[in-house]
Amino acid sequence: MEEKKKIVYSAVQPTGRLTIGNYVGAIRNWVRLQQEYECFFAVADLHAITVRQEPAELRRRTLELVALYLACGVDPSLCTLYIQSHVPAHAELAWVLNTITYVGEASRMTQFKDKSARHADNINMGLMDYPVLMAADILLYGASAVPVGADQKQHVELARDLAVRFNNRYGETFVVPEPLIGRGDARIASLQDPSKKMSKSDENPSASVFLSDDRDTVLRKFRRAVTDSENCVRYAPEKPGISNLINIYCAFENKSVAQTEELFRGVGYGDFKAEVGEAVARVLTPIQTKQAELLADKPALSALLNESAERAYKTARRTLFKVYRKVGFYRGE
Ligand code: TRP
């Protein structure tokens, strides 16, 4: 009998524009994981509306994100890539999990506190419930590993706590998940302030390279990247700007730091920056072309999404009905 593959679950919110940091840290990771595990990947639109969204924009971004992931190599024949709101079980399980989540623990979540401060005029119930919905996402699929950024670790830990709590109260039901935190070396810093992570919401437009940037924009941003005065392509903690550019080059050319230093021995920053820009553009351009092709055929995209939502729902509803039975809902004779 074929050994059962470990299940991996992750999701991304359809908000903001993705950067090359997201590509290296998250998207490429998904592409790798789908080869080895049974993966469920969602576009988390239910999560997105916990902060105010323009409806037409949310709809457009959701589809663009699906097309982007497909263009990057997420393969629907290897994994299930779907839109969260297409599978009603997420909201349904979240309701049940709400009843075993304490208001105290939900209100202590770091991200809830941060977002409450940033959106003080819209501290809605959904914002506080965000991690409970996320726990529902994960637990519905029996995922044992959840690849996330470090900022989501606390939420996966809540999912673990809720899984254990439910299992203790109602009997063995959920697989207890583990966060899978991305490797530190994949972290890409701002081009303008290398002490900060590259962010999709940086105010300085030169600080982040977006996956939607065209070749000229990419080259220009790298040309303007902050470095130092040594003019020597060398990786060192006291040279965070150039070290970040070396990291980016390595990530996009699949090279080691030593190989990169060797390759650019005696080359000045100007030429090196141009090469880093070219390396990034060489990867981004075909992705953008592919994404545009996919978006040009909406019926095909939506057929694919319907099919994957059905596949996801098949797994999710099995868990949901088990939960309904355990908590004592009457389901007929
Ligand atoms: N909250 C996650 C983020 O912003 C997205 C997300 C939603 C998620 N549901 C999830 C991630 C389930 C992992 C598992 O990055």
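See the values below:
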{"quantity": "Reachable lysines, given that their alpha-carbon falls under 27 Å from the alpha-carbon of Lys197 and they are not under 8 places away in the same chain", "calculated": "Lys113, Lys115, Lys153, Lys221, Lys239, Lys255, Lys273"}
{"quantity": "Rounded to 5, percent antiparallel among DSSP beta bridges of the chain", "calculated": "10"}
{"quantity": "FRET efficiency for Lys298 and Asp271, using Cβ-Cβ distance with R0 set to 45 Å, rounded to 0.05", "calculated": "0.55"}
{"quantity": "19 Å Cα-Cα reach of Lys290 towards lysines, excluding residues that sit fewer than 8 places from it in its own chain", "calculated": "Lys298"}
{"quantity": "Straight-distance crosslink candidates among aspartates and glutamates, where the alpha carbon sits under 15 Å from Lys326 and sequence neighbours closer than 8 are dropped", "calculated": "Glu92, Glu172"}
{"quantity": "Inter-label distance for Ser229 and Ser256, nm, one decimal - labels placed 7 Å from Cα along Cα-to-Cβ", "calculated": "3.4"}
{"quantity": "Peptides ranked, highest mean first, by Cβ atoms within 10 Å: ranges 105-117, 62-74", "calculated": "62-74, 105-117"}
{"quantity": "Fully extended contour minus Cα-Cα distance, from Arg169 to Glu36, at 0.36 nm per residue", "calculated": "44.5 nm"}
{"quantity": "Other-chain or far-sequence residues with amide H under 5 Å of Ala189's (modelled H)", "calculated": "Met198"}
{"quantity": "Prolate/oblate/rounded label for the stretch 272-327 (Cα gyration tensor, a/c 1.5)", "calculated": "oblate"}
{"quantity": "Amide H contacts of Ala11 (H built 1.01 Å from N, under 5 Å, at least 5 apart or other chain)", "calculated": "Ala42"}
{"quantity": "Anisotropy class of the stretch 110-153 from Cα gyration tensor, a/c 1.5 cut", "calculated": "oblate"}
{"quantity": "Cysteines without a disulfide-compatible neighbour (Cβ-Cβ under 4.7 Å), the chain", "calculated": "Cys72, Cys232, Cys250"}
{"quantity": "Test item: Cα-centred dipole of the chain, Lys/Arg +1 and Asp/Glu -1 on Cβ, debye", "calculated": "540"}
{"quantity": "Scaled radius of gyration (Cα, divided by 2.2 N^0.38 Å) that the chain gives", "calculated": "1.08"}
{"quantity": "Global geometry of the stretch 215-292, whether rounded, prolate or oblate, following the gyration tensor of its Cα atoms and the 1.5 cut on a/c", "calculated": "prolate"}
{"quantity": "Kyte-Doolittle mean at least -0.5 and Cα axial length at least 18 Å: DSSP H helices in the chain", "calculated": "55-71, 125-140, 240-253, 269-296"}
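Each value in this text was obtained by applying a stated rule to the coordinates, not by laboratory testing. No experiment lies behind these values; they were computed from the predicted model shown. Every residue, glycine among them, receives a Cβ derived from its backbone with ideal geometry; neighbour counts consider all protein chains shown.
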